[in-house]
Amino acid sequence: MLLRIIVLAVSVRGENPLCSLWGNPDNPLLSKTGDFILGGIFTLHNNIIESKPTLKSTPEALNCKGLNYKEYQFAEAMIFAIEQINSRTDILPKVSLGYKIYDACSTVSLAIKAAMALMSGAGEAQSSTLPCSLKSSIHAIIGESSSSTTISIATLVGQFNIPVISHFATCACLSNRKEFPTFFRTIPSDYYQSRALAQLVKHFGWTWVGTIRSDNDYGNSGMATFIKTAEEEGICIEYSEVIYRTNPREKFLKTVEVIKMASSKTIVAFVSLIDVEFLAKELLLQNVTGLQWVGSESWISAKNVATKENYQIFKGAIGFTITNAAIPGLKEFLMSVRPSSTPGNTGLIKLWEDMFDCSFNASNSKTCTGSEDLQQVSNLYIDVSELGVTYNVYKAVYAVAHAFHNLLAFNLFVWMCGDIIDIVLYMEKYLKKVNFSVSNGEYVNFDINGDPPARYELVNWQLSVNGITEFVNIGFYDASLSEGKQFIMNNNSIVWAGNYGKIPKSVCSENCSPGTRKATQKGKPVCCFDCLPCAEGEISNSTDAIHCTKCPLEYQANEEKDQCILKDIEFLSYNEIMGMILIIFALLGTLLTSTVTVVFFKFRDTPIVKANNSELSFLLLFSLTLCFLCSLTFIGEPTQWSCMLRHTAFGITFVLCISCVLGKTIVVLMAFRATMPGSNIMKCFGPTQQRLSVLTFTVLQTLICIVWLVKYPPFPQKNMNFNKKLIILECEMGSTVAFYIVLGYIGLLSVMCFVLAFLARKLPDNFNEAKFITFSMLVFCTVWITFIPSYISSPGKYTVAVEVFAILASSFGLLLCIFAPKCYIILTLILWFLTCDFDMLWVQIPGKSLGGSCIFSA
């Protein structure tokens with residue numbers, strides 16, 4: 001920016017000062033004149049030869065080492081594209097393109113120096129002076145390969161509106177239009193690659209990975225985007241190491257040690273080509289193999305990395321690379337180049353000397369003739385099997401040519417006036433608009449940030465039958481497609497790291513199976529967790545569930561806790577053993593009651609039946625039959641009608657039963673009073689009064705039950721609180737108060753009956769039924785007093801069973817205690833009657849009725 005201000009200020013004043021050059025100007029390694037000049041900056045050497053300045057003299061020029069054949073191919077591809085365009089008539093007719101190509105030597109300082117030389121034209125100076133106001137002879141710059149060097153170039157030349165079109169600089173930061181307004185590239189931004197790498201790692205289930213990046217803009221920016229996307233995808237980073245080619249070996253050894261000690265089996269390497277070569281050397285020395293590598297496009301398909309030795313380390317590596325393409329005629333062009341003594345061929349001389357191990361100027365070594373056969377050489381310079389990046393250089397040149405062509409077609413005055421500055425100012429505008437197809441049908445265009453559409457090939461390191469590492473295409477990624485359709489992959493053709501033949505695992509914790517949930521380990525990333533079983537009544541039906549889901553009330557978790565199943569429904573059923581036993585006893589009680597009724601009816605004219613109030617006895621037997629039968633309503637699945645019937649029927653039948661017993665007890669007491677002289681008490685409690693008393697007691701209970709059914713009727717409900725694993729079908733009382741009133745009323749009558757029977761227990765033998773009533777009511781009250789705590793404490797269906805048992809026990813108590821003695825007398829007399837001597841009986845009791853006298857005597 002400061003340089004631009006100085007130049008503009010001098011231009012305004014109209015002065016033409018002279019700039020003094022220190023030392024000799026830098027000349028391009030490859031150059032050719034033309035109407036329009038394209039600059040080129042490539043990493044023709046891998047590194048610089050370090051020198052220590054003495055601070056006592058002018059520093060020497062930096063020298064480079066390690067020839068990079070692939071970058072020479074890039075440079076020649078640029079020349080090849082320019083020569084093609086110059087020979088065409090449909091693009092830039094009557095206009096020739098020239099070029100100046102410099103070596104950045106993979107350093108920022110030399111890249112900036114090359115850019116300054118291209119802008120200033122210092123390489124063309126024939127003297128030690130140069131006008132500072134000289135306009136740039138470069139209209140666009142192709143390069144550079146590294147993101148860091150490209151950033152420095154774009155930052156510098158962008159101040160002068162000179163476009164920079166990179167073929168291999170992928171840093172997402174270069175898409176910032178405010179900082180790099182004139183930058184374009186023919187390779188996708190790392191923003192897309194980083195996100196694609198994170199999605200790729202997620203696709204294979206690797207949630208616990210290590211990362212390695214180059215300590216430059218390419219590695220730092222790319223890895224930052226990857227980590228951000230990885231966190232969104234639920235991927236955790238175990239370690240993040242930084243490497244750079246100039247680091248001392250100790251730092252590389254430290255990185256290797258971290259890799260060896262880590263538990264993750266997958267490594268994402270966002271590193272530059274040269275940096276990965278240094279790392280691979282140390283990994284090979286320490287035999288670090290069997291890890292799954294995921295690489296960025298800078299090295300994943302580099303043949304100088306894919307050596308036989310390195311395959312041991314990177315076997316099965318996968319990553320994204322630039323889509324391969326063919327450039328017709330490039331192979332022949334590369335084979336046809338020859339060095340010469342012209343100034344524009346300096347770079348070819350160095351290439352030639354390195355390839356054939358000779359020298360054009362040395363007398364003590366093999367002399368180069370310039371006619372050596374390139375067919376005998378095998379290196380990356382003449383290898384055209386992988387031309388993805390080379391094709392980007394080719395497209396970049398054509399993009400500039402089309403921009404020139406469109407600019408000249410619509411601004412003829414600019415060319416006619418020779419106003420070079422105006423052309424530079426227009427170039428950025430016309431580069432944005434280019435849209436053309438190249439030889440393979442691919443369209444070249446740029447978005448608002450100067451980026452092309454993001455398309456990648458997914459490649460996998462595999463070993464051919466000849467023992468050569470191959471980059472096998474296993475899929476594609478196209479960021480322009482809709483979400484979910486950007487990946488196309490063939491998993492079946494992938495070779496994996498190690499010798500397992502399947503996708504390696506790289507997780508901090510094994511997946512939590514259904515039925516468990518993840519619980520993060522304290523102080524560790526979210527990918528490190530424990531698998532805790534779901535709580536009672538909760539399930540998880542997916543792998544790695546974060547939360548367990550509570551089952552609906554009517555459902556429970558199965559044993560595996562991965563599915564909600566219907567709870568078992570419990571009620572006192574007819575089909576279960578307990579229900580069958582209760583039914584048998586109920587029917588047995590009904591049968592016994594019916595038998596007693598038949599016996600009493602058969603012998604209704606006998607004194608023992610008449611003496612015990614036969615009318616109330618038959619009514620009592622009828623009510624006992626109803627009591628036995630009403631117990632059946634408590635068995636089976638509760639319904640609206642069964643719930644309403646069971647408790648009301650129970651309440652009314654038992655009141656009817658106790659009313660009859662109470663009537664019989666009162667009759668005994670009245671009969672005793674009636675034997676006293678002058679007593680007419682039996683007239684006050686005759687048959688009519690007995691019927692009315694039973695009717696009154698029963699109607700009162702019936703009215704209570706009617707009010708209960710109308711206001712708060714019992715209803716079936718599902719009890720899911722008592723037992724979490726069961727649904728208990730039961731009858732809700734509707735009104736607990738009404739239920740207690742019904743029971744209390746029965747209890748009141750029972751107590752009254754018991755007290756009266758107890759008072760009449762010592763009456764004469766002819767009226768000794770009071771003793772049996774007393775005992776029966778004692779049994780009755782004992783059963784129902786015991787029923788209360790048993791009913792409250794019994795769970796589920798056993799609550800109903802206890803109630804049925806109480807009904808049956810109390811009914812059997814009344815039946816047996818009151819009627820068993822009478823039946824015993826009747827049946828014994830019948831047996832005696834059948835076995836006694838009829839004549840003797842007649843003599844002993846003359847003048848008496850046979851049946852009556854005999855039975856009464858008994």
Extreme residue, farthest from Val707 (Cα to Cα), among residues of the range 630-643 that are in contact with a Gly (Cβ under 9 Å, 6 or more places away or on another chain) and assigned to a helix (DSSP H, G or I): Ser631
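Do we find a residue being free of Cβ contacts under 8 Å to residues at least 40 places away in the same chain, of a type in the set (A, V, I, L, M) and surrounded by fewer than 16 Cβ atoms within 10 Å (Cβ to Cβ) anywhere in the range 371-381?
Here is the first cut: in the range 371-381, the residues free of Cβ contacts under 8 Å to residues at least 40 places away in the same chain are 371-373, 376-378.
From what is left, the residues that are of a type in the set (A, V, I, L, M) are 377.
Going one step further and asking which of them are surrounded by fewer than 16 Cβ atoms within 10 Å (Cβ to Cβ), we end up with 377.
Checked the range 371-381: at least one residue is free of Cβ contacts under 8 Å to residues at least 40 places away in the same chain, of a type in the set (A, V, I, L, M) and surrounded by fewer than 16 Cβ atoms within 10 Å (Cβ to Cβ).
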For Thr229, state whether it is at pLDDT below 95 and in contact with a Lys or Arg (Cβ under 6 Å, 6 or more places away or on another chain). yes
Taking the range 155-192 and keeping only residues that are surrounded by fewer than 24 Cβ atoms within 10 Å (Cβ to Cβ) and among the basic types (Lys, Arg), one is left with Arg177, Lys178
Within the range 244-273, can you find the residues that are more than 14 Å from Val288 (Cβ to Cβ), in contact with a Lys or Arg (Cβ under 8 Å, 6 or more places away or on another chain) and outside any loop (DSSP other than H, G, I, E, B)? Phe270
When residues of the range 517-535 are filtered for being touching a Leu at 6+ places or on another chain (Cβ under 6 Å) and surrounded by 19 or more Cβ atoms within 10 Å (Cβ to Cβ), how many remain? 1
Surrounded by fewer than 17 Cβ atoms within 10 Å (Cβ to Cβ) and either touching a Ser or Thr at 6+ places or on another chain (Cβ under 6 Å) or in the same structural domain as Gly234 (by TED's automatic domain parsing) (or both): does that describe Glu510? no
Per the filter on the range 247-290, residues closer than 19 Å to Ile48 by Cβ and touching a residue at least 40 places away in the same chain (Cβ under 8 Å) are Ser272, Ile274, Asp275
Can you pull out every residue in the range 565-604 that is surrounded by fewer than 13 Cβ atoms within 10 Å (Cβ to Cβ) and in contact with a Gly (Cβ under 8 Å, 6 or more places away or on another chain)? Tyr574
Hits in the range 419-468 - residues which are in a loop (DSSP other than H, G, I, E, B), touching a strand residue (DSSP E or B) at 6+ places or on another chain (Cβ under 8 Å) and surrounded by 12 or more Cβ atoms within 10 Å (Cβ to Cβ): Val434, Val438, Phe446, Gly450, Asp451, Pro452, Pro453, Ala454
Only one of these conditions is not met by Glu730: (1) assigned to a strand (DSSP E or B); (2) under 30 Å from Met670 (Cβ atoms). Which number is it? (2)
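Yes/no per residue for (1) more than 34 Å from the chain's Cα centre (by Cα); (2) farther than 26 Å from Ala230 by Cα:
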site: Phe436; (1), (2): yes, yes
site: Arg455; (1), (2): no, no
site: Gln462; (1), (2): no, yes
site: Leu481; (1), (2): no, no
site: Asn492; (1), (2): no, no
site: Asn511; (1), (2): no, no
site: Gly523; (1), (2): no, no
site: Cys528; (1), (2): no, no
Across the range 209-235, the tally of residues that are in a strand (DSSP E or B) and out of contact with any helix residue (DSSP H, G or I) (no Cβ under 8 Å at 6 or more places or on another chain) stands at 0
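So in the range 681-698, with the set limited to residues that are at pLDDT below 70 and touching a helix residue (DSSP H, G or I) at 6+ places or on another chain (Cβ under 8 Å), which one is farthest from Leu808 (Cα to Cα)?
Among residues in the range 681-698 that are at pLDDT below 70 and touching a helix residue (DSSP H, G or I) at 6+ places or on another chain (Cβ under 8 Å), the one farthest from Leu808 (Cα to Cα) is Ile681.
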As an exercise: evaluate Ser359 against (1) surrounded by fewer than 17 Cβ atoms within 10 Å (Cβ to Cβ); (2) out of contact with any Asp or Glu (no Cβ under 7 Å at 6 or more places or on another chain); (3) at pLDDT 85 or above; (4) not hydrophobic (A, V, I, L, M, F, W, C) and give the number of the one condition it does not meet. (2)
Failed item in (1) at pLDDT below 80; (2) within 30 Å of Glu637 (Cβ to Cβ); (3) of a type in the set (A, V, I, L, M), with Leu831 passing the rest: (2)
Going through (1) surrounded by fewer than 16 Cβ atoms within 10 Å (Cβ to Cβ); (2) at pLDDT 90 or above; (3) of a type in the set (D, E, K, R) one by one, Glu538 fails only at (1)
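The values are calculated or read from the model by the stated rules, or taken from the named source; none is laboratory data. Because the structure is a prediction, the values reported are computed rather than measured. Backbone-built Cβ (ideal geometry, glycine too); neighbour counts: all protein chains shown.
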